[in-house]
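Trainee: This is the structure I have questions about; it appears just below.
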Amino acid sequence: EEAEETAAVAAGGGACERDTVTVGFVGHPNVGKTSLLNALVGRKVASVSRTPGHTKHLQTWELTPRLTICDSPGLVFPVAGVRVHGVDASARAVYECCGLFPIAQVREALSAVRLLWHALDLPRM
């Protein structure tokens, strides 16, 4: 333990802080990660937007001397495509249905509508 502290000080990292916690917000784009950061701080410390992808880099804020909050850009995991009730759906259609794609960039909505049609089984409803 003492050797680790000495190595950290020698590397310019200062003394080891064992009683500090960093909490990170991770999730899909536009679900409120940055808004939660602003709410916890009690004022607007980070810019927010209705458009997914507004946060471009990690943002940290020291809430208390022992607690740091870390906000991250939204994560969209790759999707190879899916089959819904026997119908193939593109990854882009899946992202559009989940709201993970900016609506202004949707070129054609038919694929996403078709995916919803089959996923919800609208004819049976």
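Trainee: Over all directions, how big on average is the projection of the convex hull of the alpha-carbon atoms in the stretch 26-111, in square nanometres? Working shown, then result.
Mentor: Working: hull surface 27.9 nm².
Projected over every direction and averaged, the Cα hull of the stretch 26-111 covers 7.0 nm².
Trainee: Give, as a single signed number, the net charge of other residues whose beta carbon lies under 15 Å from the beta carbon of LYS33, with Lys and Arg counted +1 and Asp and Glu -1. Spell out each step's value before the answer.
Mentor: Values: positive: LYS44, ARG50, LYS56; negative: ASP71.
Here the charged neighbours net out to +2.
Trainee: A further question on this structure: Given contacts defined as C-alpha pairs under 8 Å and at least six residues apart, what's the relative contact order of the stretch 35-125, whole-number percent?
Mentor: On the way: 84 pairs, mean separation 16.6, N = 91.
Relative contact order comes out at 18 percent.
All of the numbers you see were taken from the coordinates with simple rules; none came from a lab. In this text, all values refer to a predicted model and were calculated from it rather than measured experimentally. Every residue, glycine among them, receives a Cβ derived from its backbone with ideal geometry; neighbour counts consider all protein chains shown.
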